[in-house]
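The numbers here are math on the coordinates, done by the rules we state, and not lab data. Please read these numbers as outputs of a predicted model, since none were measured by experiment. A quick note on method: Cβ atoms are made from the backbone with ideal geometry, for glycine too, and the neighbour counts reach across all protein chains shown.
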Amino acid sequence: MADKPFVHPYIPNSVPAVKEAMLHELGLSSVEEIYAEIPDRLRFKGRLDIPEPILAERDLRRHVQGLLDKNTSAVEFLNFCGAGCWQHHVPSVVDEVINRAEFVSAYCGGDYSDLGKYLTRFEFNSMLGELVDFDVVANPIYDWGDVAGRSFRMARRITGRDKVLVPSSVSPMRLMEMRTLCQPESMANSTKIRFYEWDRETGMVDTDDLKAKLDDSVAAVYWENPSYLGTIEAHGAEIVKLAHEHGALAIAGVDPITLGVLAPPGALGADIACGDIQPLGMHMHAGGGCSGFIAFRDDPLFAQECPLELYTVMETATPGQYAVGEALPDRTSYGSRDQGKDWVGTASGLWTIAAAVYMAVMGPQGFKEVGETCVARSHYAAKLLGEIPGVQVKLSPGFFKEFVVGFDGTGKTVAEVHKKLLGHRIFGGKDLSADFPELGQSALYCVTEYYGKAEIERLASAVKEVTA
Amino acid sequence: MTETPQDKVARLARLRRDGGVLRDYRSPRYDEPFIMEQGTPGERGILVPLAEEDVTKAVGEAADYIPEGMSRAAAPVLPEMSQYQVLRHYLRYSQMTLGMDLGSDISEGTCTMKYSPKMHEELIRGHKAADLHPWQDEDTMQGLLEIVFDTGQYLKSISGMDAFSLQPGGGSHAVYTNACVMRRHFEAKGELDQRNEMITTIFSHPCDAATPMVAGFKVITVMPDENGYPDLEAFKAAVSERTVGCMITNPEDTGIYNPQIDKYVEVLHDAGALAFTDQANANGILGFARARDAGFDACHFNLHKTFSSPHGCEGPATGAYMCTDELAKYLPVPVVAKVGDRYHLDYDRPESIGRVRGFLGNWMGVIRAYAWIRTMGPEGLKEVAEISVLNNNYLDNLLMAIKGVSRPYAEGHRRLDQVRYSLEQLKEDTGVGTEALRDRMVDFGIQSYWMSHHPWVVPEPFTPEPCETYSRVDLDEWAAVIKKGIDEAYADAEFVLDSPHAQPIDQMRRTEAMEDPGQWAFTWRAYKKKILGKK
């Protein structure tokens, strides 16, 4: 192909005659004359170690699809993994909207030309605000672990204190992200993460231990509802009360799809809520469907210290006609570089559009029903699994969609059980044995509205067979 | 009879039919109420599965499992709307969004708004990509891991680096990853007490300053001289035994290639510090210059810019972090490795920084980048760079012929992939500045241009980036739109200052809400309480 000009359908001006005419207009004989700006010693003169191109779209499609076809999807197998990324039904209308070329291809266009994007963003914030019961929802960023860490930093700036209390049942993965954001403790401005215990019987937080650990140096108390281990936390209001008694903020990490049936963090008195919007209409994309949100009360101090973009609605020159603008722009890194609050960047905009459509089609009744179905079907799965000899469902019976299944009584490891389940076309839950050795050979199983009775029974009979 | 504003807009725009390249464009204007104001109690947008009777019989009601005080008391105030009405609402919003696919987005410089091939969308929407769980057994994700691993190899070749992570969920996130990697490096060496300063330049992206701050460093920002980049001596003066490293761009937003870049790196290395280059915009140098060859220890790419993944209303995005063998041990976990012919997620990396993101990353962007690199091949990537650079210089030629436009710095030097222009002269002459022109240009169906990150070092800036996607006709049209707006400014400044005139809404005037706690409303419920409640 070296002797033929490279005219690619994505590069119109690679047509030799066009290229030549453009060069001619610039008085140049070759683009090399422009590249003379790069000193010769810095020029790469080798050949990139990249395969020869697959030029025809049909051939490229076949090649890449061929690679993807080596994967086994959670549509082909039954999937009972959750642990931070959950398989809920994605309404087709959600995909229809987010696959619109205008939305897929938009970026940081202007207030007018990309108005629809900004209006959708405001509606997303508004509807999520209703779910979490807060008047302020900031523009989401990477994922739950990231926004939890940012909430800690925000609490540190608001309170001037540098310690955050986190339940030791927190997701180890989220904890790693938090730690990265909180800096090594030897650094002058680090935020110190300290743990309070969880009740090994119920899975809820240990409020006595929280009381013991709380003092006036604590910036914030963080808890999750449901917990990483699936338990619905009954002590939310008490955690808030304890935190406030010491002048600390109460930060709730929540899974928003639970909020049709569970009390929202705003109503529990939390100061800040954070969590992941992935359950609200995102495919899992091997975790790429995640996107983290932060919400809080309409308090100017909180708004000033929020690291993420805030969008306000406002009337245009025509009364009753609305526009959306970025509020307090000097606060972010785009406004003030290293003098801003943390940083913002391109993260997960399309997912907020998906979540807006999702919340709009679900409505209050949809959220109530999906919550009730998750609770009922996950308990049905727990009941069937718990009836299998040697298999034990652990912790409190109050869970939403995830629960801990122990395999110690079967004499098999989680890894062994799950390898065998693959033979039954089933992905077992997240193996907890390394992260939570106190739970023995246990796994976190997730059952949402996605699977019905028949699939749950298929899981139970497969587990029974492979543990026998 | 006096001419109405609408007539005037039509008259001024009617240039295409007269043999010009400008369009008589009208954005859709639907006068669409917020979805929170729509619907009727009882309407449903979707029905969800309900627990089967046998299930309920076996386990009872959901409410039985919710601890006291933890049930939701009042239902969330969400729309109650049928599905078609919801779809129609958001399709109207999509139509009031120009996006790149419609908007000839030469405008958003620093963003590399290139064509994102539609075939790639089909690839990532299929269940073999979209419906994978991140914790499913890695044996069942070998295809995805192969794509990620191979993409990493290609990016290594393009950058000259030795190792990669595709975990960061965006360009700024990859830049943050670098700040954490450098932090870990000096922590491991026991030098974190001594070294706490990161150096950047004012024309580098704001995240090159903000993310090292988040990592705990003091940030030193070096200013350009008349060449558009810091003089080597000025850069040297910022480096000391306290220096962690630098995080800088080249070319910066100005499009000027800094020919001394390797000298900066030498200065840093001599001081025991590290050097990172932000290559969010690598379009102009693909196959022509590599970060490693200039001595850098690390760099990054935005797969949603240079490598064709779409921008998606600001994400999901993918940052590719690249580094040397020396820094590889600090990469976030898991690292994608190849053992024999099997791909593996390696978590056993005791010196890792930990994580910057949950799970694996936004690998939709990796699948697209893989497909794009494979359809370009080594020669094609160089062609991308060449045409981007040619397009930019062609557009520059057109823009610099327009009265009121100037191009600060580095007189006599050509720019690579983009240019930061100034409309200072136009502002002085007419009172029309860059913001007003930006709001006027959209009336011609062209996306509004990127002005500059803050602070505006260049007065009244704008920054187009005509990457390889755009044809000569597109470039001519874009320049003609700028010329038209500027001609209008000289003839009738008020008309331009009142822009836009053909958009889905009228001019936003009441911008006090952006700063005033009494007026801002970040959700509809806040607006109802604070504003509507008082009316």
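What are the DSSP H helices in chain B that stretch 24 Å or more along their long axis, judged by alpha-carbon atoms, and whose average Kyte-Doolittle hydropathy comes to at least 0.0?
Details: long enough: B:142-159 (25 Å, 0.28); B:171-188 (26 Å, -0.26); B:364-399 (37 Å, 0.16); B:472-491 (28 Å, -0.20).
Span-like helices in chain B: B:142-159, B:364-399.
Do the alpha carbons of any pairs in A:Lys117/B:Lys305; A:Lys211/A:Lys383; A:Lys163/A:Lys241 sit beyond 29 Å of each other, and which pairs?
On the way: A:Lys117/B:Lys305 19 Å; A:Lys211/A:Lys383 35 Å; A:Lys163/A:Lys241 18 Å.
Exceeds cut-off: A:Lys211/A:Lys383.
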Debye-sum result for region A:368-452 in log10 I(q)/I(0), which assumes one identical scatterer on each alpha carbon, at q = 0.11, 0.18, 0.19, 0.24 Å⁻¹: -0.28, -0.75, -0.83, -1.22
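Looking only at Cα atoms, what is the convex hull volume of region A:103-253 per residue, in Å³?
Working: hull volume 21.8 nm³, N = 151.
Residue-normalised Cα hull volume stands at 144 Å³.
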Per-residue Cβ neighbour rank within 10 angstrom, fewest leading, B:Leu78, B:Leu497: B:Leu497, B:Leu78
Per residue Cα convex hull volume in Å³ - calculated over region B:405-488: 109 Å³
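Taking the alpha carbon gyration tensor of chain B, what are the square roots of 5 times its eigenvalues, largest first, to the nearest whole Å? Mind dumping the intermediate values first?
Numbers: eigenvalues 295, 284, 111 Å².
Working from the Cα gyration tensor, I get semi-axes of 38, 38, 24 Å.
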In nm, spacing of pseudo-spin labels at B:Tyr25 and A:Glu32 (7 Å Cα→C-beta vector): 3.9 nm
With 5 Å bins from 0: P(r) over region A:185-328, alpha-carbon pairs, percent: 2, 8, 14, 17, 18, 16, 12, 6, 3, 2, 1, 0, 0
Mean Cβ neighbour count within 10 Å, used as a protection proxy, ranking A:432-439, A:195-202, A:231-238 highest first: A:231-238, A:195-202, A:432-439
Hull-based mean projected area of region A:219-268, where the convex hull spans the alpha carbons, in square nanometres: 3.3 nm²
Share of Cα-Cα pairs in region B:473-535 lying beyond 19 Å, as whole percent: 57 percent
For region A:273-358, the Rg and Dmax computed from alpha carbons only, in angstrom: 15.0, 46
Protection proxy ranking, peptides B:304-314, B:325-335, average beta carbon neighbours within 10 Å, highest first: B:304-314, B:325-335
Chain A: calculated mean residue ellipticity at 222 nm from DSSP helix runs of at least 4, using -39500 (n - 2.57): -11500 deg cm²/dmol
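Using a 10 Å cut-off on Cβ to Cβ distances, tally the other chain neighbours for every residue of A:457-466 and report the average as a whole number. Don't skip to the end; give the middle numbers.
On the way: counts 1, 0, 0, 0, 0, 0, 0, 0, 0, 0.
Partner-chain Cβ atoms within 10 Å, mean over residues of A:457-466: 0.
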Cα-based helix-to-principal-axis angle, A:172-182 vs chain A, degrees rounded to 10: 60 degrees
Values of log10 I(q)/I(0), in the order q = 0.04 Å⁻¹, for the protein assembly as shown under a Debye, Cα-only, solvent-free model: -0.18
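How do the peptides A:107-113, B:156-162, A:300-306, B:37-43 rank, highest first, by the average count of neighbouring beta carbon atoms within 10 Å per residue?
Values: A:107-113: 25.6, B:156-162: 21.1, A:300-306: 18.3, B:37-43: 12.6.
By packing density, highest mean first, the sequence is A:107-113, B:156-162, A:300-306, B:37-43.
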Bins of 5 Å from zero: percent of alpha-carbon pairs in region A:37-164: 2, 6, 7, 10, 14, 13, 12, 13, 10, 7, 5, 1, 0
Between region A:82-125 and region A:278-316, the Cα center-to-center distance that results, in Å: 13 Å
Distance in nm between pseudo-label sites at B:His269 and A:His424 (7 Å out along the Cβ direction from Cα): 5.8 nm
Principal-axis tilt of helix A:236-245 within chain A, Cα atoms, nearest 10 degrees: 80 degrees
Cα-projected label distance for A:Ala17 with B:Ser71, points at 7 Å along beta-carbon direction, nm: 7.7 nm
Shape box of region B:233-323 [Cα atoms, principal axes, largest first, Å]: 42, 24, 21
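Jot down the per residue volume, in cubic angstrom and as a whole number, of the convex hull over the alpha-carbon atoms of chain A.
Values: hull volume 99.8 nm³, N = 468.
Roughly 213 Å³ of hull volume per residue.
Determine the shielding of peptide B:201-213 by partner chains: average, over its residues, the number of Cβ atoms on other chains within 10 angstrom of each Cβ.
On the way: counts 0, 1, 0, 1, 5, 11, 8, 4, 7, 14, 5, 2, 9.
Mean shielding count: 5.
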Neighbouring partner chain Cβ atoms per residue of B:443-450, average, 10 Å criterion: 3
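On average, how much area does the Cα convex hull of region A:324-468 cover when viewed from any direction, in nm²? Mind dumping the intermediate values first?
Details: hull surface 51.4 nm².
Mean projected area of the Cα convex hull: 12.8 nm².
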Ranked B:Asp208, B:Asp429, criterion: other C-beta atoms within 10 Å, fewest first: B:Asp429, B:Asp208
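Tell me the Kirkwood radius of region A:66-139: reciprocal of the mean inverse pair distance over distinct alpha-carbon atoms, in Å.
Values: mean 1/r = 0.0635 Å⁻¹.
Hydrodynamic radius (Kirkwood, Cα pairs) of region A:66-139 is 15.8 Å.
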Nearest 10 degrees, 0 to 90: helix A:414-423 Cα axis against chain A principal axis: 60 degrees
Rel. contact order, % - alpha carbon contacts under 8 angstrom, at least six apart, region B:416-488: 40 percent
Distribution of pairwise C-alpha distances over region B:137-272, 10 Å bins, in %: 11, 36, 34, 14, 5, 1
Relative contact order for chain A, counting Cα pairs under 8 Å that sit 6 or more residues apart, in percent: 18 percent
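Relative contact order, percent, of chain B when contacts are C-alpha pairs under 8 Å separated by at least 6 residues?
Relative contact order here is 19 percent.
Going by C-beta contacts inside 10 Å, put A:Phe293, B:Phe235 in order with the fewest on the left.
On the way: A:Phe293 29, B:Phe235 22.
Going from least to most buried by this count: B:Phe235, A:Phe293.
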Percent of alpha-carbon pairs separated by more than 22 Å within region B:287-412: 56 percent
